[in-house]
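Q: This is the structure I want to talk about, given as structure tokens.
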Amino acid sequence: MTMNPAVNSTMNSTLPEETAEATTGPALESSRWSLSQILDRSSPLIAGIIFLLAWEWLIKFYNVSKFVLPPPSLIISTLISERADLLTGLQYTAAVTISAFVAAVVSGIFFGVLLTQNRRIENTFWPYAVMMQVTPVVAIAPLVIIWVGLDRVWLAMLLLAWMVAFFPMLSNTAIGMKSADHGLRNVFELYGASRWKRFRYLQLPSALPFILAGARISSGLSVIGAVVAEFVAGSGGSRGLAFMIVESGTMLNIPRMFAALVMLSAFGLSIWYVTSAVQTLLLRRWHESELKQEN
Amino acid sequence: MLQNLDRATTSDGEQVVRRKPLVRMQNVDKIYSNGTVALKNLNLDVYPQEFISLLGPSGCGKSTALRIFSGLGAYSGGSMDWPQSMYDVSGKPEREVGFVFQEATLMPWATVFDNVFLPLRLKDKSKAQMTERVNEALALVGLSGFAKAYPRELSGGMKMRVSIARALVTQPKLLLMDEPFAALDEITRTRLSNDVLDIWARAKCTVMFVTHSIFESVYLSQRIVVMAARPGRIIGELKIDAPYPRDKEFRLSSEYSAYCRAVSDMLDLAMRS
Ligand SMILES: Nc1ncnc2c1ncn2[C@@H]1O[C@H](COP(=O)(O)OP(=O)(O)O)[C@@H](O)[C@H]1O
Ligand SMILES: [Mg+2]
């Protein structure tokens, strides 16, 4: 390349080569991938159907009692006949789960950010956060129910589910806040960034992938937390899916038990998919975890 | 104090004698908290619109020196003056510096435009008013069409250009570059060297370029400051008198090889002593 006073023209002429690979690469690959992508998407469904058919057939073949293991067809018909009860249960459990999840996300981010503002604060409160995490929630549940739940069962359950879901949000936010690239921190320091701007434009975006990963874990845990809370609260006022499972068990209504279980799994799965979708949406333009490998 | 600086004479000859330096380092030492003497008794005057290279083996304190110039690192002894800059009430100079690090250090979550806008954003400038400025900086590095791209969509060389645009967007008087092309391939590096010379000519700033490549330093600079390690110190200076614009002709000239040999001899001498 020769020196040229008209800088723009010299440099622009060099650029198309550099970008050519970036634009032609994906276009070539996309058509080739479509079939295998369809297979990727549908394979869990196909596997599920085969599994259910095998289940149905084996129960017929060995003549298993419906009190031990009901066939899928019976579970499905129970799902339909008991839909009113099941939907009320789902509503109840979902309300606890989602409230606990939102509370965990908000409080986890808040305290995670707070904790990392100052080393002393972190050293002081971290052990207690860990203590909360390692103490099994089942062990504290009866106490929480006695303290807050005797006439406010709902609040007690929210609290228990929150306790389970909180820690991953807290620890992931705290780690994320500290994960900012060292070179970028230098850039921010060089231009005398205020503490707020450093937080807003460096630490928060750096922490985002960690926060979202934490949210995925928390979403699953808040379902578990809600179920455990319902188990412990028992007939004390809970009308959720988990209580239906316990109730059906004592009445030996196994198909109803399975129907409630199916609802619960479906609910857990949908929460998982929603949080995954949010993660993909927020990270797809830049984060490694969401980038498609194109070699 | 300022009058003293006016009369300063350097080995550089008359041309610069009458000009005030942009920065003056006098007897600067840097000792890290672990006891490493990274710099010992550094004296260096940097003049406006110079292209100056710091050349030396790895570990001789080049990065340390650059960080001190930028204000990112403190020095342990000696003094540093910015005769042409304003000082604030607390006695801190208003350094107008840009820094290009060895890695591009871009924000992966932000577009090229937002990455280049960052220094202005941190100085509380509004995006609407500064769009022009950012686009100028992008044009200067030849990336006009890439404002909306994300860093991961760019090649290594292009990322480095974005990093240079970010350093230039505040229109600094002093552009510090710490081995900016070390991670790039030979071809990209040659191309970017030429572009840096173009940018330097157009932006009319001082460039302080850290490198461990003799060839790079001779090709680019007006003045080469040669350093040696343990302790980090300056062992000599060499003026490269070849006119700009420099091109392939210069790279292949006997003048160029003679300069390279001279610098290399200087480095050898330092290693032996
Ligand atoms: N943060 C630090 N703490 C302690 N020692 C350091 C630090 N940074 C650099 N050093 C030491 O100071 C010396 C000079 O380092 P540096 O300025 O990075 O050299 P160069 O950029 O020329 O390779 C080296 O011996 C290095 O190990
Ligand atoms: Mg270095």
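The values are calculated or read from the model by the stated rules, or taken from the named source; none is laboratory data. All values reported here derive from a predicted model rather than from experimental measurement. Cβ placement follows ideal geometry from the backbone for every residue including glycine, while neighbour counts extend to all protein chains displayed. The protein model used for the area step is the full one, side chains on, heavy atoms only, and it has no ligands, DNA or RNA in it. Shrake-Rupley method; radii C 1.70, N 1.55, O 1.52, S 1.80 Å.
Q: First obtain the Kirkwood hydrodynamic radius of segment A:111-238 from its Cα pairs, then insert it into the Stokes-Einstein equation at 20 °C and 1.002 mPa s, and state the resulting D in µm² per second as a whole number.
A: Details: Rh = 16.3 Å.
Approximately 131 µm²/s, per Stokes-Einstein.
Q: Provide, as a two-decimal number, the C-alpha radius of gyration of segment B:46-184 over 2.2 N^0.38 Å, N being how many residues it has. Mind showing how you got there, number by number?
A: Working: Rg = 16.0 Å, N = 139, 2.2 N^0.38 = 14.3 Å.
That ratio works out to 1.11.
Q: Hey, another quick one. Given a 1.4 angstrom probe, what's the average accessible area per residue across the protein assembly as shown, in square angstrom? Show your work: numbers first, answer last.
A: On the way: 29140 Å² over 568 residues.
Per-residue value: 51 Å².
Q: Give me the percent of the accessible area of segment B:113-249 that comes from carbon and sulfur atoms, probe 1.4 Å, all protein chains in place. Present the calculation step by step, with values, prior to reporting the outcome.
A: Values: 2610 of 5200 Å².
Solvent-exposed carbon and sulfur of segment B:113-249 make up 50 percent of the total.
Q: Shifting gears a bit: Using the Kirkwood radius over C-alpha pairs as Rh, can you work out the diffusion coefficient of the protein assembly as shown via Stokes-Einstein at 4 °C, viscosity 1.567 mPa s, in µm² per second? Intermediate values should be presented prior to the final figure.
A: Working: Rh = 28.8 Å.
The estimated diffusion coefficient comes to 45 µm²/s.
Q: Please give the charge dipole size of chain A, origin at the Cα centre, charges +1 on K and R Cβ atoms and -1 on D and E Cβ atoms. Round to the nearest 20 debye.
A: Values: 20 positive and 17 negative charges, 124 e Å.
With only Lys, Arg, Asp and Glu charged at Cβ, the dipole is about 600 debye.
Q: Can you spot the aspartates and glutamates whose alpha carbon is less than 13 Å from residue B:125's alpha carbon? Ignore those fewer than 8 places along the same chain.
A: Output for residue B:125: B:114.
Q: Another question about this same structure. Which one, A:219, A:250, A:139, projects farthest toward the positive side of the charge dipole computed for segment A:79-285 from Cβ point charges (K/R +1, D/E -1)?
A: Of the candidates, A:219 comes out farthest on the positive side.
Q: Taking 25 Å as R0, compute the FRET efficiency from the Cβ-Cβ separation of residue A:42 and residue A:88 and round it to 0.05.
A: Details: r = 33 Å, r/R0 = 1.31.
It comes to 0.15.
Q: If you take the accessible area of A alone, add that of B alone, and subtract the area of the pair, what total do you get in Å², probe 1.4 Å, to the nearest 100? Each step should come with its number before you reach the end.
A: Numbers: alone 18750 and 13890 Å², together 29140 Å².
Interface area, both chains combined: 3500 Å², rounded to the nearest 100.
Q: Pop out the carbon and sulfur fraction of the accessible area of segment A:79-285 as a percent, whole number, probe 1.4 Å.
A: Details: 7150 of 10220 Å².
Taking all protein chains in place, segment A:79-285 shows 70 percent carbon and sulfur surface.
Q: Which residue, A:240, A:89, A:183, has the most motion in a Gaussian network model of chain A that connects Cα atoms within less than 10 Å?
A: Among A:240, A:89, A:183, the largest GNM mean-square fluctuation belongs to A:183.
Q: What fraction of the DSSP beta bridges in the protein assembly as shown is antiparallel, stated in percent and rounded to the nearest 5?
A: On the way: 17 of 35 bridges.
Bridges in the protein assembly as shown that DSSP calls antiparallel: roughly 50 percent.
Q: Could I ask something else about it? Looking at segment A:67-163 from every direction and averaging, what is the projected area of its Cα convex hull in nm²?
A: Numbers: hull surface 37.3 nm².
Average projection, Cα convex hull of segment A:67-163: 9.3 nm².
Q: In whole Å, largest first, what are the principal axis extents of the Cα atoms in chain A?
A: 89, 55, 27
Q: Okay, moving on. Tell me the mean residue ellipticity at 222 nm calculated for the protein assembly as shown from its helices only (DSSP H runs of n ≥ 4, each -39500 (n - 2.57), averaged over every residue, nearest 500).
A: Numbers: 21 runs with 336 residues, N = 568.
Result for the protein assembly as shown: -19500 deg cm²/dmol, rounded to the nearest 500.
Q: Between residue B:89 and residue B:36, 0.36 nm times their residue separation minus their Cα-Cα distance comes to what?
A: Working: separation 53, 0.36 × 53 = 19.08 nm, distance 3.27 nm.
Contour length minus Cα-Cα distance gives 15.8 nm.
Q: Which log10 I(q)/I(0) values, to two decimals, does chain B give at q = 0.09, 0.12, 0.14 Å⁻¹ under the Debye formula with one point per Cα?
A: Rounded to two decimals, the profile gives -0.43, -0.77, -1.05.
Q: So, one more: Gaussian network model of chain A, Cα springs within a sub-10 Å range: biggest mean-square fluctuation belongs to which of A:200, A:239, A:216?
A: With Cα springs under 10 Å in chain A, the top fluctuation among A:200, A:239, A:216 is at A:200.
Q: While we're looking at this one, here's another question. Of the listed pairs B:173/B:204; A:197/B:127; B:62/B:173; B:40/B:62; B:92/B:127; B:127/B:204, which have alpha-carbon separations greater than 18 Å here? Don't skip to the end; give the middle numbers.
A: Details: B:173/B:204 8 Å; A:197/B:127 15 Å; B:62/B:173 20 Å; B:40/B:62 12 Å; B:92/B:127 27 Å; B:127/B:204 25 Å.
Checking Cα-Cα distances, B:62/B:173; B:92/B:127; B:127/B:204 exceed 18 Å.
Q: Suppose accessible area is computed on protein heavy atoms with a 1.4 Å probe; arrange A:55, A:286 from highest to lowest. Present the calculation step by step, with values, prior to reporting the outcome.
A: Working: A:55 50, A:286 30 Å².
From most exposed to least exposed: A:55, A:286.
Q: Something else about it: Using a 1.4 Å probe on the protein heavy atoms only, what accessible surface does residue B:255 show? Give it in Å² to the nearest 10.
A: Result for residue B:255: roughly 80 Å² accessible.
Q: Additional query: Could you size up the charge dipole of segment B:169-273 around its Cα centre, putting +1 on the beta carbon of Lys and Arg and -1 on that of Asp and Glu, and report it in debye to the nearest 20?
A: Numbers: 14 positive and 14 negative charges, 62 e Å.
For this selection, approximately 300 debye.
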